[in-house]
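Okay, so here's the structure we're looking at.
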Amino acid sequence: MTRPPTALTAGAVTLAVVALGCFTLPLVSPHDPYRPDPMNAMLPPSPLHWLGTDQLGRDLLTRTAAAGRTSLLFALAVTTVTTAIGTVTGAIAGLAGGWPDRVLRQISIIALALPGLTLALVLSGELPSGHTTLFIALVPLGWVSCASVVRTVVRQTAITGYVLASRTMGASTLQLLRHDIAPHALGPACTVATADFARALIAATSLSFLGIGLPPPHIDWGGMINEATPHLIASPRLAIAPSIAIALTSLSIMLITDALRERTPNHKPP
């Protein structure tokens, strides 16, 4: 059963609205998302502060948007690096075969056996808080899923008639990858990258919630929820705002990923 195209549209529109709000609202809002204003702390929602203010008097809507900008950019950076590493590694392993392919398989087995978030938590706990630490914690195993998918597609494509003909005509490995194999691997790689973006976002948010994130005054969605924890009973809206933003972003990415997966042909190892 094919998912209606409206799912892809709904996911793309929702993600676009969230991203647009995160990147534009802090620029046009009269409120500084980082400067405390103790005289206006814990104000309820009003025409001046649509979501009210937090425990330090900062506008909650503007702060949620600024935190979202940080979270989205970081998840995008992690996904870009893991997708690049995974695509190159998977292509080499799939086309070369032999020991590169065996090494990738063993790494994939190890990555599946290890609890990724726990490993990231351990690595983060040994290093000072900050984006560099989160980056180091999330990248080492983040590329494996993309590499495994690309490897499978490349192996299947490499035995097709036109690739074998190109080999016979003297095409180099680089030419085969660029002209004959890359177009087939691009779709699956993009699908995996979309799912990896959601995983990177949730992982970074979770680590920030646990206190392993950006040092103050910088903030992301996980850090906002962490700050709001002591005030959950008195003012739950402090945690609800970033939680809804995370939920909307994750839902939109899930819709996009499912739609892309159904539009991408299934590739099985030869």
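The values are calculated or read from the model by the stated rules, or taken from the named source; none is laboratory data. Keep in mind that this is a model prediction, so the values were computed, not measured. Note that each Cβ is placed from the backbone with ideal geometry, even for glycine, and that neighbours are counted across all protein chains shown.
The table that follows gives values for the structure above.
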| item | result |
| --- | --- |
| Odd one out for A16 among (1) surrounded by fewer than 19 Cβ atoms within 10 Å (Cβ to Cβ); (2) among the small types (G, A, S); (3) under 25 Å from L186 (Cβ atoms); (4) in contact (Cβ under 8 Å) with a residue 12 or more places away in the chain | (4) |
| Selection within the stretch 43-65 - buried (at least 17 other Cβ atoms within 10 Å of the Cβ), in contact (Cβ under 8 Å) with a residue 40 or more places away in the chain and either hydroxyl-bearing (S, T, Y) or under 19 Å from H231 (Cβ atoms) (or both) | L51, G52, D54, L60, L61, R63, T64 |
| Meets criteria (closer than 25 Å to L121 by Cα and at pLDDT 90 or above) for I233 | no |
| Enumeration of residues in the stretch 201-242 that are aliphatic (A, V, I, L, M), touching a Phe, Trp or Tyr at 6+ places or on another chain (Cβ under 6 Å) and crowded, with 23+ Cβ neighbours inside 10 Å | A204 |
| Count - residues of the stretch 81-102 that are closer than 30 Å to I219 by Cα and in contact (Cβ under 8 Å) with a residue 60 or more places away in the chain | 5 |
| Residue check, G213 touching a Gly at 6+ places or on another chain (Cβ under 7 Å) and outside any helix (DSSP H, G or I) | yes |
| Qualifying residue in the stretch 66-80 (condition: more than 19 Å from the chain's Cα centre (by Cα), closer than 26 Å to S206 by Cβ and of a type outside the set (D, E)) | no |
| Criterion: at pLDDT below 80 and aliphatic (A, V, I, L, M) - qualifying residue of L114, L73 | L114 |
| One residue from H218, H184, H267 being at pLDDT below 90 and within 21 Å of L123 (Cβ to Cβ) | H218 |
| Condition broken by G68, with the remaining ones in (1) in contact (Cβ under 8 Å) with a residue 60 or more places away in the chain; (2) touching a Gly at 6+ places or on another chain (Cβ under 7 Å) satisfied | (2) |
